[in-house]
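The block underneath contains the structure these notes are about, expressed in structure tokens.
Bear in mind these aren't lab numbers, they're just calculated from the coordinates by the rules spelled out. These numbers come from a predicted model, not from an experiment. Cβ placement follows ideal geometry from the backbone for every residue including glycine, while neighbour counts extend to all protein chains displayed.
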There are 2 protein chains.
Amino acid sequence: MDSAGAAETGGYQPWSEVTPDAARRLLVAAVETFAARGYHATTTRDIAARAGMSPAALYIHYKTKEELLHRISRIGHDKALEILETAADGPGSPAERLAEAVRSFVRWHAAHHTTARVVQYELDALAPEHRSDIVALRRQSDAAVRRILADGVRAGEFDVPDVPGTTLAVLSLCIDVARWFNAAGQRTPDEVGALYADLVLRMVAAKP
Amino acid sequence: MDSAGAAETGGYQPWSEVTPDAARRLLVAAVETFAARGYHATTTRDIAARAGMSPAALYIHYKTKEELLHRISRIGHDKALEILETAADGPGSPAERLAEAVRSFVRWHAAHHTTARVVQYELDALAPEHRSDIVALRRQSDAAVRRILADGVRAGEFDVPDVPGTTLAVLSLCIDVARWFNAAGQRTPDEVGALYADLVLRMVAAKP
DNA sequence: CCGGAGGGTGAGCAAGCGCTTAGGACTTTG
DNA sequence: CAAAGTCCTAAGCGCTTGCTCACCCTCCGG
């Protein structure tokens, strides 16, 4: 369990935007414990101990435990949105862009399922004022996917009777990967990404 | 919030297997608070207060707070499994059975999204010995869906390169309805069920 | 060599937690 | 009508929680 963070990400996950070093170690420790036990079941002592510090050290870098969650959620949502928008606004046909969006979004949720679990499933633990700016990011993610679907319908590539509903379903399917994905399982993030991209393309394909 | 339980279910949800009356009231209160705030964020005082009793009353009917969760999880998983197996072993072609399975499973998750949220997303809060018998039920659910897919492939109705992976995706898609479904939203459980049945059929359809 | 700033600790507070206990009010039964 | 059983409560115990505070390092420019 101690090296789960490094093992999960293949040894490379920056969190480089978090400084100084001690603040980053605390944040990484928080991600790991939040993911394993849930936000409410995690104590500030758990986090500090995992980061190799005393309980009081946490409060030098963060005002509250909730601020830690908010920072994690913010960084994760920024990344998720970036992935989707890159694919949505990239080159290629709607089908290619949709496949790339699903593939990379799913790959991220699988490879970083620890982070993703916190980001996607601990929203309700945020304070209302923090929750609302995260919800805004989620709406942008929704808009990115919807944009691809609408483009595909307009181009005649897709047959999607209910664009908002299908958008919801596609995002829901991808997000839920964070819940069930197990790093010790058989499938690699790449494999899951490829499978899901295929399934989603079938969901929207125009009947020839 | 007080009448949310009744409103959500259209005034009819039995929990009839739970007796006596006070035990059922406590259990319903627990479902509502667990769903709204999460298991760990819910106190035994919250539950008792919502059921209109003193904190001590809970311990007449349940040994621990965790036993309450286990009972809820057990009843919910029994119901979910029954829905899937009824569809899987029912009459009709594989496509019809798959559509019916998804439609009824999704309808249940939407109509009873409060219960479903607890059942599907609070598994980790169970004690290990309780968790394992719930996991066994989930494996049976997985087997039911897999059975339909395998039948469809054998009959040449479906084109599914990865049956275990697609089974996982279908269940994941349906389960996640409990997370995002909002009783105050525009869609009815029936509508979501119909949409999802269509999407899933497209995912597995053989190319003509 | 000094002094202050930034990063850390040990001890602990007030509040809230799950759960227990002693006992009381009703209802059912002989 | 007493005895027994059922259901519930008021009070509170022992512990853990998020967080604070007084103090202590170590580094570094002057």
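Tell me, what HN-Hα J-couplings in whole Hz come from the Karplus equation 6.51 cos²θ - 1.76 cosθ + 1.60 at θ = phi - 60° for each residue of the stretch A:175-185, using x for Gly and Pro?
Each residue of the stretch A:175-185 in turn: 4, 5, 4, 4, 6, 9, 4, 10, 4, 8, x Hz.
Hey, what angle do you get for helix A:128-154 against the long axis of chain A, alpha-carbon based, 0 to 90 degrees rounded to 10?
In chain A, helix A:128-154 runs at an angle near 20 degrees to the longest axis.
Give the separation of the Cα centroids, the stretch B:145-208 to the stretch A:155-208, in Å.
A separation of 11 Å, based on Cα centres.
Cross-link candidates for B:Lys207: which aspartates and glutamates have Cα within less than 13 Å, leaving aside residues fewer than 8 places away along the same chain?
Within the straight-line cut-off, B:Lys207 pairs with B:Glu157, B:Asp159.
Tell me, Kirkwood radius of chain B from alpha-carbon pair distances, in Å?
Numbers: mean 1/r = 0.0556 Å⁻¹.
About 18.0 Å, per the Kirkwood formula over Cα pairs.
What's the local net charge at B:Ala143, with K and R +1, D and E -1, over the other residues with C-beta under 12 Å away?
Details: positive: B:Arg138, B:Arg139, B:Arg146, B:Arg147; negative: B:Glu85, B:Asp89, B:Asp142.
Residues close to B:Ala143 contribute a combined charge of +1.
Sorting B:Val204, B:Val31 on the 10 Å Cβ count, fewest up front, what's the list?
Working: B:Val204 22, B:Val31 26.
Ranking B:Val204, B:Val31 by Cβ neighbours within 10 Å, fewest first, gives B:Val204, B:Val31.
Counting only other residues whose beta carbon sits under 10 Å from that of A:Pro55, what net charge do I get with K and R as +1, D and E as -1? Please list the in-between numbers first.
On the way: positive: A:Arg45; negative: A:Asp46.
Charge balance near A:Pro55 sits at 0.
For label points placed 7 Å from Cα toward Cβ, what is the shortest-first list of nm distances from B:Val135 to its copies?
Values, ascending and in nm: 3.6.
Taking only Cα atoms, what is the 0 to 90° angle, nearest 10, from helix A:189-204's long axis to the longest principal axis of chain A?
Helix A:189-204 sits at roughly 40 degrees to that axis.
Just report the Cα centroid separation between the stretch A:59-125 and the stretch B:88-124, whole Å.
28 Å
As I understand it, the value is the acute angle between the Cα axis of helix B:94-111 and the longest principal axis of the Cα atoms of chain B; what does it come to in degrees, rounded to 10?
The angle comes out near 20 degrees.
Report the percentage of all Cα-Cα pairs in the stretch A:95-151 whose separation exceeds 12 Å, rounded to a whole percent. Could the numbers behind the result be given before it?
On the way: 1149 of 1596 pairs.
More than 12 Å apart: 72 percent of the Cα pairs in the stretch A:95-151.
Label the stretch A:110-193 by shape, choosing from rounded, prolate and oblate, from the square roots a ≥ b ≥ c of the eigenvalues of the Cα gyration tensor; if a/c is under 1.5 it is rounded, and otherwise prolate applies when a/b is larger than b/c, oblate when it is not. Present the calculation step by step, with values, prior to reporting the outcome.
Numbers: a/c = 2.96, a/b = 1.22, b/c = 2.43.
It is oblate, given that a/c is not under 1.5 and a/b is not larger than b/c.
Rg and Dmax of the protein assembly as shown over Cα atoms: what are they, in angstrom?
Using the Cα atoms of the protein assembly as shown, the pair Rg, Dmax is 21.8, 65 Å.
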